[in-house]
Amino acid sequence: MKLQLLRSVIIMVDYLSSTLWTDDEIRFREEVRAFGQKEIAPVADEIDKGPYPRDLIRKIGQAGYMGVHHEKEVGGSARGLSYEIIVAEELSSINGGLDMARMASATLYGMPVSKFGTDEQKKKYLTPIIKGEKIGCIGITEPDVGSDTAGMKTKAEKDGDEWVLNGEKKFITNGSVADYMCAFAVTDPSVKAKNGMSAFIVDTKSDGFSVVQDHELLGMKSARVSWLKFEDVRILSDMLLGEPGQGFHILMDELDSERTAIAAEAIGYARTPYEIAVKYSNEREQFGRPIRAFEGVSFKISDMAMKLEAGRALTLMAARAYDRDENITKLASIAKLFTTESAIQITNDAIQILGGAGYTTDYPIERFFRDARLMTIGGGTAEILRFLIQREVFKEFDELNKL
Ligand SMILES: Cc1cc2nc3c(=O)[nH]c(=O)nc-3n(C[C@H](O)[C@H](O)[C@H](O)COP(=O)(O)OP(=O)(O)OC[C@H]3O[C@@H](n4cnc5c(N)ncnc54)[C@H](O)[C@@H]3O)c2cc1C
């Protein structure tokens, strides 16, 4: 089924609601949607065979959608995270893997450089990303280190005016196609990771940087996700982001914006299957009536709508708080946890509503179902997010009860 046809029956209402969104945000969403329909929808199924053509990232950059949350001085439009979540939802509602690649470059790589980079670093290593001319990635996860990022093994040792990087990074979105990586490494093993980790910009053309392999994935097939190796990669001191030992702080800060943007992507993956399911349940007849007449079907639609609307409101709340410079660890974790678990349920229910047709590739629901499954794993698993939420709750409780 062609996604363009579906767009003639847009069903969701709340993204056009001025109770949640400003008039400018609503106009912006319509603009991003029109771009997605023109440039991505015609190839959305095709690029799922992977990898996406690099030219698409260039077009997204030229349209301004890599830099809505970046400063004007470096080529962004400084509109904030509330606009980035609009881009994330709209493009993900067409092809999940492509937006994951866009976001890995613009947000996961882009935000640490934007917030902690020098003017010189931003000009050289961020502006080309915002233009879509270069691609970025973020290197946190390692073969033996996932959720427990403080246990990182990749090391960077000082040698004169250079740092020498050794280690491996696994499951890195854009890894084998990236020009630059924001890489995290231990620089002072004598202290705890909180103070002994640093962040670097690494040029992937450096000697000693290699690709072990691209991972074969269940979904997100238009993106490249790679296992990478650093063997005595030499990095000039001016490639350090922030101060030595500031890496853990940079990482925690990055995760807040990443989780909010992922929450928006999850709404995108779920929204299209939901829209297809609503339309299909209206048209498909069994026992002499449209299947929407059966509560077994229509109540699933109710639950899907409820989860989508609640998820969007939670995500916007986190983005608005981020744009006000507030601490959003709890809000971002809640938004990501709710929307990603909902996306898995919604895409699963959409398959059920279409019956046999839902299990075929005649409809893109199976693609979104595969894409959505990642989202309770990447960027903080559901279990880790539950841990973080309760930790923040008890922090607030203890703070209040100190008095
Ligand atoms: C497609 C894809 C793209 C990715 N892109 C990137 C990227 O661009 N950059 C990057 O750095 N990483 C990336 N990742 C890695 C991703 O962030 C990690 O997979 C994730 O953080 C989980 O780490 P892990 O896979 O090592 O699982 P583990 O940490 O080994 O966890 C395994 C299981 O144990 C559970 N668990 C672990 N600790 C606890 C605990 N304390 N309490 C309860 N349960 C726990 C987890 O929730 C999970 O269910 C990507 C992964 C995938 C699959």
About its Cα centre, how strong a charge dipole does the range 152-237 have in debye, to the nearest 20, once Lys and Arg get +1 and Asp and Glu get -1 at the Cβ? 440 debye
hull vol. (C-alpha, convex hull) per residue for the range 136-245, Å³ -> 96 Å³
Compute the distance in nm between two label points, each set 7 Å from the Cα along the Cα-to-Cβ direction, one at GLU295 and one at LYS158. 7.0 nm
Along the positive direction of the dipole of the chain (beta-carbon charges: Lys, Arg +1; Asp, Glu -1; about the Cα centre), which of MET317, GLY208, LEU126 reaches farthest? MET317
Which one of ILE353, GLY80, PHE248 has its Cα pushed farthest toward the positive end of the charge dipole of the chain, where Lys and Arg give +1 and Asp and Glu give -1 at the Cβ? ILE353
Listed residue pairs exceeding 30 Å between alpha carbons, taken from LYS38/LYS169; LYS59/LYS115; LYS59/LYS158: LYS38/LYS169; LYS59/LYS158
Would you order MET181, MET306 from fewest to most other beta-carbon atoms within 10 Å of each residue's own beta-carbon? MET306, MET181
Counting Lys and Arg as +1 and Asp and Glu as -1, each charge on the Cβ, what is the dipole of the range 249-398 about the Cα centre in debye, to the nearest 20? 400 debye
Helix-only [θ]222 nm of the chain, DSSP H runs n ≥ 4, -39500 (n - 2.57) each, per residue, nearest 500: -15500 deg cm²/dmol
Cut-off 13 Å between beta-carbons: net charge of the residues surrounding THR360, Lys and Arg +1, Asp and Glu -1: -2
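Just so you know, all these numbers are worked out from the coordinates, no wet-lab data involved. Given the structure is predicted, the values throughout are model-derived calculations rather than measurements. Here Cβ is always computed from backbone atoms with ideal geometry, including for glycine, and neighbour counts include all displayed protein chains.
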